[in-house]
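Okay, structure first, notes after.
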């Protein structure tokens, strides 16, 4: 029982961590190159794929994706103080919306890959 709960919880925490760190790192630039955004997007896709590799459950990539969304969506909005973590510029939109599309597609690809592996057994 504990093992069956530990995997999804760990995947959820991984998604939360990558989403939160990526929300702050996505503004980092190396000259004109949005290096922070590129690394944050790469880390997001890798986190979902890594969560999928934690076990055989199809719930694992879903948990990582949900964790990512739970971290990024609130950080993309304006806080009561008027502060923004993810700004409303091109980089912020690519992070928020492009990242959502990326983690969703990675999640679906991991689920499809797991289903095809089960079909070959």
Cβ contacts < 9 Å: first residue at negative phi and without any contact (Cβ under 8 Å) to a residue 24 or more places away in the chain, restricted to the range 65-77; second residue in a loop (DSSP other than H, G, I, E, B) and surrounded by fewer than 19 Cβ atoms within 10 Å (Cβ to Cβ), any location; separation 6+ or different chain. Result?
74/85; 77/84; 77/85
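Given the criteria surrounded by fewer than 16 Cβ atoms within 10 Å (Cβ to Cβ) and in a helix (DSSP H, G or I), does residue 12 qualify? Before the answer, list the steps.
On the way: surrounded by fewer than 16 Cβ atoms within 10 Å (Cβ to Cβ): no; in a helix (DSSP H, G or I): yes.
So residue 12 does not fit the description; no.
Among what's in the range 80-108 and is part of a helix (DSSP H, G or I) and over 14 Å from the mean Cα position of the chain (by Cα), pick the residue that is farthest from residue 41 (Cα to Cα). Lay out the reasoning, then the answer.
In the first step, residues of the range 80-108 are kept if they are part of a helix (DSSP H, G or I); the result is 90-108.
Filter again for over 14 Å from the mean Cα position of the chain (by Cα), leaving 90-93.
Values: 90: 14, 91: 11, 92: 12, 93: 12 Å.
Per the criteria, the residue is 90.
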If you go through the range 28-39 one residue at a time, do you hit one that is modelled with pLDDT of 95 or more and in contact with a strand residue (DSSP E or B) (Cβ under 9 Å, 6 or more places away or on another chain)?
yes
Could you identify the single residue in 22, 77, 55 that is touching a helix residue (DSSP H, G or I) at 6+ places or on another chain (Cβ under 9 Å) and not in a helix (DSSP H, G or I)?
55
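Can residue 60 be described as part of a helix (DSSP H, G or I), out of contact with any helix residue (DSSP H, G or I) (no Cβ under 6 Å at 6 or more places or on another chain), modelled with pLDDT of 90 or more and at negative phi?
Numbers: part of a helix (DSSP H, G or I): yes; out of contact with any helix residue (DSSP H, G or I) (no Cβ under 6 Å at 6 or more places or on another chain): no; modelled with pLDDT of 90 or more: yes; at negative phi: yes.
Here the answer is no, as residue 60 does not meet what is asked.
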Can you spot a residue in the range 46-63 that is surrounded by 16 or more Cβ atoms within 10 Å (Cβ to Cβ) and farther than 30 Å from residue 119 by Cα?
no
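Going through 101, 115, 49 one at a time, which residue ends up being farther than 23 Å from residue 4 by Cβ and modelled with pLDDT of 85 or more? Talk me through it step by step, then tell me what you get.
Details: 115 fails: farther than 23 Å from residue 4 by Cβ; 49 fails: farther than 23 Å from residue 4 by Cβ.
Sole residue among the options that is farther than 23 Å from residue 4 by Cβ and modelled with pLDDT of 85 or more: 101.
Taking only the range 25-44 into account, find how many residues are over 19 Å from residue 61 (Cβ atoms) and part of a helix (DSSP H, G or I).
Matching residues across the range 25-44 total 6.
The values are calculated or read from the model by the stated rules, or taken from the named source; none is laboratory data. Everything numeric in this text was worked out from a predicted model, so none of it was measured. Glycine also receives a Cβ, built like all others from the backbone with ideal geometry; neighbour counts cover every protein chain displayed.
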